[in-house]
Each structure stands twice: as C-alpha cells, then as structure tokens.
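Visitor: Take a look at this one; I'll ask things after.
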Amino acid sequence: MGFEQWQVVVVPFPFTDRPVRRRRPALVVSRPDALGNPIGHSVLAMITSAGHSSWPLDVRVSDVDRAGLPAPSVVRMKLFTLDDRLVERSIGRLAQADATPVAAALARLFGGARPEAEVAVAD
C-alpha cells in the first residue's frame, strides 16, 4: 500500500516503560518508491504535543489543521520502521512550510544535504 512522504498517520505506539499501546500520530518520512511499495513498510517520525520537553532537532508543526493534529505539536526525530498494515489511518499531511524544516532536520540527523526539489509536498 505505501504511504506518501509527509503524510500524518495514526499508529499504535508501544511504550518501553509500560505494557500498553496507545494511538499516536506519526509522520511518514520515507518515500513509497524507496521502501513502502517494495516491502510494505514505512519509516516514521514521532509526533508529540508541543508542551513536552524538547529534543534536539524537534520541528514545530505550524499548520496543525492541514496535518490533522488536534493540538500544537512537534515532529520529533525519534524514528522507527513500521509495517504499513499496522497504520490505522491517515489524518493529514504536512504543509510545505512544515515539510521543509523537517527535511532539514533529517539531513542534519544523517549528515547529508537534501535537495529542495525532494521536499515537495503533494496536494
């Protein structure tokens, strides 16, 4: 099935300190042609409420309505790979103004430059 890069989805998040899973938003950072379509998995970044303590490379989401988020939030560079079948639903997508700093944070995290052309957000 493959999800589009910059889509905001809801996934069951496991907690390391408790045997509970909760539904949480996450951001698809991989492209479907690179990972999702060939093997049915996506790389996601955690999205958390902006009120939580900050991490290096946190990116505030300015357009929460387009992203489908109910409250001020940040994209956190806490990355994970998930089988696409476990994604519960898509709730929105990042606006271009939010995708660009997330792409820059990913480039900083992995030590590379990201061409501006690859940051385009589909409507």
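Visitor: For a quick check of your reading of the model, give me the residue pairs whose first member lies in region 91-111 and is assigned to a loop (DSSP other than H, G, I, E, B), whose second is surrounded by 14 or more Cβ atoms within 10 Å (Cβ to Cβ), with beta-carbon atoms closer than 6 Å and at least 6 apart or on different chains.
Guide: Taking only residues 6 or more apart or on different chains, the pairs are Leu94/Trp6; Leu94/Ala67; Ala95/Asp63; Ala95/Arg66.
Visitor: Mind telling me which of the residues Arg114, Arg66, Arg85, Arg24 ends up being under 14 Å from Gln7 (Cα atoms), modelled with pLDDT under 95 and among the basic types (Lys, Arg)?
Guide: Arg24
Visitor: What pairs come out if I take residues in region 64-88 that are under 13 Å from Ser49 (Cα atoms) and in contact (Cβ under 8 Å) with a residue 40 or more places away in the chain and pair them with residues that are in a loop (DSSP other than H, G, I, E, B) and small (Gly, Ala, Ser) whose C-beta lies under 6 Å away, six or more apart or interchain?
Guide: Ser73/Ala50
The values are calculated or read from the model by the stated rules, or taken from the named source; none is laboratory data. Source: prediction; values computed, not measured. We place every Cβ from the backbone using ideal geometry, glycine too, and count neighbours over all the protein chains shown.
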